[in-house]
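Taking it in order: structure first as structure tokens, then the write-up.
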Amino acid sequence: MIIALIVLVAMTLAGIGVIRSIDTGTLVAGNIGFRQAALATADSGVEAARAWLMNNRALLDGDVRDAGYYSTRQDNLDITGNRTSGGADGVDWGGSDPSQPVKAFHAGDLDSSGNDVYYLIHRLCAVTGNINAPGQSCATTTQLTGGSTQNVANYPEHAFKDKSQIYYRITARANGPKNTVSYVQAIVLI
């Protein structure tokens, strides 16, 4: 009888262990699901920021803080807030720290799972202003836009025309249920 009681206690403890491991597995799977939903929503934030860039090309030489756009790359910016706790070199992601000098734009609830999306756009230039301004240094690429020297006697008058395009860094943050936070960063060429 004593041996049967010991076996019964051991089986009860094993059953409790199995139930706890199943609960933990379910929690982990749920957290992974929340993270993936936040990541997909943050991708939508990158697309919203890219659309803003395409629709506001005339404004890109100066900061548009209300739209989360900055015309310099801000090399010393602490985007996630992990580098300098309490410092003044971070980002206010929708009221997360109103004392910070850089404000992100709230793109809204872009999905039905309760994720809030914010984005920040940086033009990859050293100073504000035109890309040809003195002291300016921008990450650019050159694209040929047309021209031809075929059947022309004077080549310099009909040379290829090129256009400089600037790189922009978009950082999106999604805040989701159960304190889920996902960051997505993309470099785009406009």
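Throughout, read-outs are computed from the coordinates displayed, never taken from laboratory work. In this text the structure is predicted, and so the values were computed from the model without any measurement. Please note: Cβ atoms are built from the backbone with ideal geometry, for glycine as well, and neighbour counts cover all protein chains shown.
Summarising the amide proton neighbourhood of residue 127: residues at separation of 5 or more, or on other chains, whose placed amide H is nearer than 5 Å comprise 137. For the range 91-100, backbone phi angles converted through the Karplus equation (6.51, -1.76, 1.60; θ = phi - 60°) give residue-by-residue couplings of 10, 8, 8, x, x, 5, 7, x, 7, 6 Hz, Gly and Pro being listed as x. Label sites at residue 75 and residue 57, each approximated as a point 7 angstrom past Cα along Cα to Cβ, lie 3.0 nm apart. In this structure the amide hydrogen of residue 63, modeled in the peptide plane, comes within under 5 Å of the amide hydrogens of 71, none closer than 5 places in sequence on its chain. The modelled label-to-label distance between residue 126 and residue 183, using points 7 Å beyond Cα along the C-beta direction, is 2.6 nm. Of the residues 181, 117, 18, 46, the one with the fewest other Cβ atoms within 10 Å heads the list, and the complete ranking is 18, 181, 46, 117.
Return the FRET efficiency for the residue pair residue 19, residue 89: r is the Cβ-Cβ distance, R0 is 45 Å, and the value is rounded to the nearest 0.05. Efficiency for this residue pair is about 0.40.
Protection proxy ranking for 11-17, 95-101, using the average of other Cβ atoms within 10 Å per residue and placing the highest first: 95-101, 11-17.
Per-residue extension of 0.36 nm, minus the Cα-Cα distance of residue 82 and residue 140, leaves a gain of 17.9 nm for this segment.
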